[in-house]
Every structure is written in structure tokens, then in C-alpha cells.
Amino acid sequence: MSEDVWYRHRVAVRFQDIDAAGIVFFARVFELFHDGYVAALAANGVSLAKALDERVWAAPITHSEARFRRPMRFGDELIVELRVERAAREITVRYRVCAQGDSSIEHASGSTTHAFVDRATFRRIDVPPEVLRALENKA
């Protein structure tokens, strides 16, 4: 286990995740990434639903990328590992999707960069304190 992993999210590839070739449709990997991100924040005390409901801040994605290394098929049990890099007004989350039980089998990797904005003005703000606290934890 790598010490720099912020969070590990377990997932299973669902039927609706695959395409006609029987492998995960390329856009679905971003859903795997984002589900891990939302789960990591929630496990560390930050509810995105509450943040959206309170309309104080938002964290739109300004950049995303994915690299596919091995096919992911219906029923595959996977781990999405998250690592975070911080800057004053944004974070970059790096993702690594590997097989449950054998982290040496990497299926995909990628990243998303999130800017933080004031919901009323959509102007950039510093990373909110509750998010900073969440990033310090490793739930």
C-alpha cells in the first residue's frame, strides 16, 4: 500500500458500464473516477450534496484525462485509488484503477483538476477549509 494514497474506492463494473465490445465504455471511466472522488470527500466529512444545496462553493472540472491500459469487463471488481495535489485555488486528483486483490494489475489511470468558485459570482476562491481538512485525512 502506498502512503500517498488518499482514498481507495471499491467498485464493480456494472452491465450498463459496458459497450458493444463487452468492455467499459470510455466515458464511463470518468464516472468511476468521480464516484471515488465523491466517496472520498464524504468519508472525510464533506458532502457535495450539502455544498450544492447551500450554494456557497462549487468545484468545476477544468481539465480531465484518462489512459486505458487493460480492458474492464462486466463483473470485474476494481479499486480506484485517489491521490491529491493541492494548489491555492484548485486540486488535481490522480486516479489509478486496479484489480481488487492485485494492485499490480492496472486497468486505467487519469486525473481531474477542480477549480473552486463562489457559487454566486462563479469567481475563483481558495480551496474551502472543509475540503482542505478532508484532504488531510485518509479515510
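Read-outs: derived from the displayed coordinates by stated rules, not from any lab. Everything numeric in this text was worked out from a predicted model, so none of it was measured. Every residue, glycine among them, receives a Cβ derived from its backbone with ideal geometry; neighbour counts consider all protein chains shown.
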Amide H neighbours of residue 57 under 5 Å, at least 5 residues apart or on other chains, H built in the peptide plane: list them.
119
If I model a spin label as a point 7 Å beyond the Cα along the Cα-Cβ vector, how far apart are those points for residue 52 and residue 86 in nm?
2.5 nm
List, in order, the whole-Hz ³J(HN,Hα) value for each residue of the range 107-117 obtained from phi through the Karplus relation with A = 6.51, B = -1.76, C = 1.60 and θ = phi - 60°; use x for Gly and Pro.
9, 7, 8, x, 7, 9, 10, 10, 8, 10, 9
Divide by every residue of the chain the summed helix terms, -39500 (n - 2.57) for each DSSP H run of at least 4, and state the resulting mean residue ellipticity at 222 nm, rounded to the nearest 500 deg cm²/dmol.
-6500 deg cm²/dmol
Rounded to the nearest 20 debye, dipole of the chain from Cβ charges on Lys, Arg, Asp, Glu:
160 debye
Please sort by residue number the trypsin sites (Lys or Arg not before Pro) in the range 64-139 whose DSSP state is loop and whose Cβ has at most 11 other Cβ atoms within 10 Å.
123
What angle do you read, to the nearest 10 degrees and between 0 and 90, between the alpha-carbon axis of helix 28-43 and the longest principal axis of the chain?
50 degrees
Under the rule that an exposed site lies in a DSSP loop and has at most 11 other Cβ atoms within 10 Å, name the longest stretch of the chain with no chymotrypsin sites (Phe, Trp or Tyr not before Pro) of that kind, not counting the sites themselves.
27-121
Under a point spin-label approximation (7 Å from Cα along Cα-to-Cβ), what is the residue 100-residue 43 distance to one decimal in nm?
1.3 nm
